[in-house]
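Written below as C-alpha cells is the structure these notes are about.
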Amino acid sequence: MRCPFCGEADTQVKDSRPTEDSSAIRRRRFCGSCSQRFTTIERVQLRELTVVKSDARRVAFDRDKLARSVRVALNKRPVDEERIERIVNGIVRQLEASGEAEVKTHEIGELVMETLKEVDAVAYVRFASVYRDFREAKDFEAFLGRMVDTALSAPGAQQSQLPLPQPAPKAPKEK
C-alpha cells in the first residue's frame, strides 16, 4: 500500500482488526520512509457494479457517495456511525446480491428510501426531498400526507411511530 504522505510504495501493517460488524478489516500501517502512520479499510466486493444514470451515462459505483448521502440524511439524528455503516453495507450487499452488473440510479434511490423509512422518519423525508426533487412546500405536504396515510392504513400501525405533531395541552381555565 502506497503511503498517502510521501508516496513510498513499501509500508508495513502494524495491526489488523475486523470492524464491529465484521464486514471489513481495518489495517493500521506504518511508513518506514517518512515515519507516518495511517489506516486502511479492506472490504469484500462481490462484483464490480456500474451505475446507469438517468441520462444513460454509465459510471462506476461509488460506495463513498452512497455513504455521504445516507450521512447527510441522518445528520443530527439519533443514529450512530456504526449503524450508518451497517445501513450502507446492507444496501451495497443488496445491490451486489441482485446479480446484475448494472444498476439504475432509481433502484439505488428506492433502496435507500426503503431503508431510511425503517430507520428514521425525518431522514427518510430529507432523503426523499432531494431524491424526488421537492421544489415547494406543497411537495413536502403531499409527500407527508401520503406517508401518514400509508402508515395509518398499515395493519398493526402504531401512531407513536409517526412523526406527527401532537396537539398542545389545553391550559386549565381560571375561575
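Read-outs throughout are calculated quantities, based only on the coordinates presented, and are distinct from any laboratory measurement. This one's a predicted model, so the numbers in the text were calculated from it and none came from an experiment. Note that we place each Cβ from the backbone using ideal geometry, even for glycine, and neighbour counts take in every protein chain shown.
Given contacts defined as C-alpha pairs under 8 Å and at least six residues apart, what's the relative contact order of segment 47-151, whole-number percent?
In percent, rounded to a whole number, it is 30.
Counting only other residues whose beta carbon sits under 12 Å from that of Cys3, what net charge do I get with K and R as +1, D and E as -1?
+1
List every residue whose amide H lies under 5 Å from the amide H of Lys104, counting only residues 5 or more places away in sequence or on a different chain, with H placed 1.01 Å from N in the peptide plane.
Val52
Assuming R0 = 25 Å, can you tell me the calculated FRET efficiency for the pair Ser16 and Asp62, based on Cβ-Cβ distance, to the nearest 0.05?
0.50
Under 13 Å from the Cα of Lys76, which aspartates and glutamates turn up, not counting those fewer than eight places away in the same chain?
Answer for Lys76, where 13 Å is the Cα cut-off: Asp120, listed by chain and number.
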